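Remarks on the structure that follows.
The values are calculated or read from the model by the stated rules, or taken from the named source; none is laboratory data. Just so it is clear, the structure is predicted and the values come from calculations on it, not from any experiment. Cβ placement follows ideal geometry from the backbone for every residue including glycine, while neighbour counts extend to all protein chains displayed.
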Amino acid sequence: GNIELDGRPLRGVRLDSYRRLLGVVEQDVFLFDGTIAENIGYANRHATVGELHHAANVANALEFIERLPNGFDTVIGERGVKLSGGQRQRIAIARAVLADPRILILDEATSNLDTESERLIQLSLEALMKNRTCFVIAHRLSTITHADKIVVIEHGQLTEEGDHEELMHANGRYREMVQLQVNMQRDLLPLVKSTPNSA
């Protein structure tokens with residue numbers, strides 16, 4: 001069989017053209033020792049200041065960037081060490097917004113984040129995913145509940161396929177994982193409420 005992209009066999013698509021169609025946001029964000037503007041602008045070297053600001057705004061990054069002493073000219077260190085995990089992730093999302101890819105791949109993009117960072121990044125991702133084809137690889141299932149199609153893979157085997165509602169009614173492994181995560185969040189709520197300065 002053939003794998004097709006917009007009706008064209010993938011073998012007939014030039015590799016450099018194909019790469020320009022793709023955007024990736026990973027769990028382990030790649031940032032280099034430069035300014036915030038340079039890191040976001042890496043997706044489009046010809047971007048204007050206005051386009052950089054727009055990308056940061058869509059990614060819910062503009063507010064924290066403007067609070068920094070040097071704003072977009074802040075040097076963030078190798079791998080973004082001067083930023084928090086949530087801030088690094090939002091810079092990566094801003095870069096993807098600026099690239100404006102036709103196909104977006106999100107690989108565990110909300111893993112290992114605190115609750116507030118995850119909430120902001122979830123909002124950023126929802127804005128980024130509009131009007132484009134997205135592949136979302138996730139263990140945190142809140143990321144994928146609005147997906148048109150969800151595929152459950154266990155031990156290298158495709159075990160379930162459908163949208164969120166269909167899989168919840170199927171009473172299989174997906175439903176089991178959703179309920180497990182909901183129960184874990186419920187168990188954590190009393191701990192969060194009893195911890196001073198938890199916000």
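Contact annotation: residue pairs with Cβ atoms under 6 Å, 6 or more positions apart or on different chains, pairing a residue in the stretch 81-100 that is under 11 Å from Val29 (Cα atoms) with a partner that is of a type in the set (S, T, N, Q) and part of a loop (DSSP other than H, G, I, E, B), are Arg90/Asn60.
Report whether or not Asn60 is at positive phi, among the polar types (S, T, N, Q), surrounded by 11 or more Cβ atoms within 10 Å (Cβ to Cβ) and under 18 Å from the mean Cα position of the chain (by Cα).
Answer is yes for this residue.
Taking the conditions (1) in contact with a helix residue (DSSP H, G or I) (Cβ under 9 Å, 6 or more places away or on another chain); (2) within 20 Å of Asn44 (Cα to Cα) in turn, His169 satisfies each one other than (2). Would you confirm, using the coordinates I've provided, whether Val25 is part of a helix (DSSP H, G or I), in contact with a helix residue (DSSP H, G or I) (Cβ under 6 Å, 6 or more places away or on another chain) and at pLDDT below 90? For Val25, the condition - part of a helix (DSSP H, G or I), in contact with a helix residue (DSSP H, G or I) (Cβ under 6 Å, 6 or more places away or on another chain) and at pLDDT below 90 - is not met.
Quick grid of which residues meet (1) in contact with a Pro (Cβ under 6 Å, 6 or more places away or on another chain); (2) within 15 Å of Leu104 (Cα to Cα); (3) in contact (Cβ under 8 Å) with a residue 40 or more places away in the chain; (4) acidic (Asp, Glu):
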{"position": "Arg132", "(1), (2), (3), (4)": "no, yes, no, no"}
{"position": "Leu141", "(1), (2), (3), (4)": "no, no, yes, no"}
{"position": "Glu165", "(1), (2), (3), (4)": "no, no, no, yes"}
{"position": "Met168", "(1), (2), (3), (4)": "no, no, no, no"}
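Go through Gly41, Gly80, Gly71 for me and flag whichever is farther than 20 Å from Ile144 by Cβ, surrounded by fewer than 16 Cβ atoms within 10 Å (Cβ to Cβ) and of a type outside the set (Lys, Arg).
The match here is Gly71.
Going through (1) touching a residue at least 24 places away in the same chain (Cβ under 8 Å); (2) in contact with a helix residue (DSSP H, G or I) (Cβ under 9 Å, 6 or more places away or on another chain) one by one, Tyr18 falls short only on (1).
I'm checking my understanding of the structure. Among residues of the stretch 163-199 that are among the basic types (Lys, Arg) and modelled with pLDDT of 90 or more, which one is surrounded by the fewest Cβ atoms within 10 Å (Cβ to Cβ)?
Initial filter on the stretch 163-199 (among the basic types (Lys, Arg)): 173, 175, 186, 193.
Filter once more, keeping what is modelled with pLDDT of 90 or more: 173, 175.
Numbers: Arg173: 13, Arg175: 15.
Taking the candidates together, the pick is Arg173.
Candidates are the residues of the stretch 128-162 that are farther than 20 Å from Leu180 by Cβ and assigned to a helix (DSSP H, G or I); the one that is modelled with the lowest pLDDT is Leu128.
Residue-by-condition table, conditions (1) over 13 Å from the mean Cα position of the chain (by Cα); (2) surrounded by fewer than 21 Cβ atoms within 10 Å (Cβ to Cβ); (3) part of a helix (DSSP H, G or I):
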position: Leu31; (1), (2), (3): yes, no, no
position: His53; (1), (2), (3): yes, yes, yes
position: Glu66; (1), (2), (3): yes, yes, yes
position: Arg90; (1), (2), (3): no, no, yes
position: Glu126; (1), (2), (3): no, yes, yes
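Checking each residue in the stretch 1-18 for being surrounded by 10 or more Cβ atoms within 10 Å (Cβ to Cβ) and within 24 Å of the chain's Cα centre (by Cα) picks out Leu5, Tyr18.
The set of residues in the stretch 16-50 being within 22 Å of Cys134 (Cβ to Cβ) and among the β-branched types (Val, Ile, Thr) consists of Val24, Val25, Val29, Ile40. With respect to the conditions (1) at pLDDT 85 or above; (2) touching a Phe, Trp or Tyr at 6+ places or on another chain (Cβ under 9 Å), Gly77 lacks only one, and its number is (2).
Can you give me the number of residues within the stretch 1-22 that are of a type in the set (Asp, Glu) and either within 25 Å of Arg88 (Cβ to Cβ) or in a loop (DSSP other than H, G, I, E, B) (or both)? Reasoning before the result, please.
So the first thing to find is which residues in the stretch 1-22 are of a type in the set (Asp, Glu), and the list is 4, 6, 16.
Retained after the next criterion (residues that are either within 25 Å of Arg88 (Cβ to Cβ) or in a loop (DSSP other than H, G, I, E, B) (or both)): 6.
The total comes to 1.
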